[in-house]
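Below is one structure; the comments refer to it alone.
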């Protein structure tokens, strides 16, 4: 039985849809990657709302932030078409190793994950909005450098942001599959134990009214610890 402490934060809700704030570390639904897990966001939401839910997109287990769902098949179908047309604005926050260029684009095809070897076009836009250093040696330097990025995936491939950052050698901090273990350890030594990727903002047209919906998910305590290491402030919306 779900308790109030297990309740998922709701960022927007109406008769047709909701946007919730997915916690880091919680799988969205059962899959081949679940490996014996029995606690899933979809199940919690069905119990919390007391009605069927239709997930419009997915977030990785270790990623937090905005997740869109519908309460009926018609709304789900309409939103699915909007996602396929790339008319949804998706903005992520990420912390990476190194100091990349102020603006850069990664246009690099990706496969669909385990059992899906076909590569398809994948494009992510990035903007560096802050930099920082930790007093820990790295690659012959006296310090380790990190950057805070805004990320806009134009496509929705499997672990796209994580894999695109690895492709340009600016690995996502805390990513145990595609990241850099040494830099992950640097953050664990400073009390940050999660992958630093957050689905910060969603903006889209409501499937029934056409009204523009824009939702921002706050950072959790663990992500704020990373900000505190460098004195970073959360960026303004838009």
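Each reported figure results from applying straightforward, stated rules to the coordinates on display, with no laboratory input. Worth saying up front: this structure is predicted, and the values here are computed from it rather than measured. Every residue, glycine as well, gets a Cβ built from its backbone with ideal geometry; the counts of neighbours run over all protein chains shown.
Exposure proxy shown here: for 225, 22, the number of other Cβ atoms within 10 Å sets the order, fewest to most, as 225, 22. Relative to the dominant Cα principal axis of the chain, helix 73-84 is inclined by about 30°. Just how far, in whole angstrom, is the stretch 140-172 from the stretch 77-134 if you go by their alpha carbon centroids? Taking the Cα centre of each part, the stretch 77-134 and the stretch 140-172 sit 9 Å apart.
Pairwise Cα separations in the stretch 4-230 fall into 10 Å bins from 0 onward with the following percentages, short to long: 7, 32, 36, 20, 5, 1. If you sort the three axes of the alpha carbon gyration tensor as a ≥ b ≥ c, you get a/c of 1.5 or more for the stretch 157-238 and a/b no higher than b/c, which makes it oblate. Exposure proxy ranking for 232, 99, based on other Cβ atoms within 10 angstrom of each Cβ and starting from the fewest, stands as 99, 232. Estimated at 0.36 nm per residue, the fully extended path between residue 169 and residue 14 surpasses their Cα-Cα distance by 51.6 nm. Taking every DSSP beta bridge that has both ends in the chain, the antiparallel portion is near 95%. Please state the shape class of the stretch 76-201: rounded when a/c is under 1.5, otherwise prolate if a/b exceeds b/c and oblate if not, all from the C-alpha gyration tensor. In terms of gyration-tensor shape, prolate.
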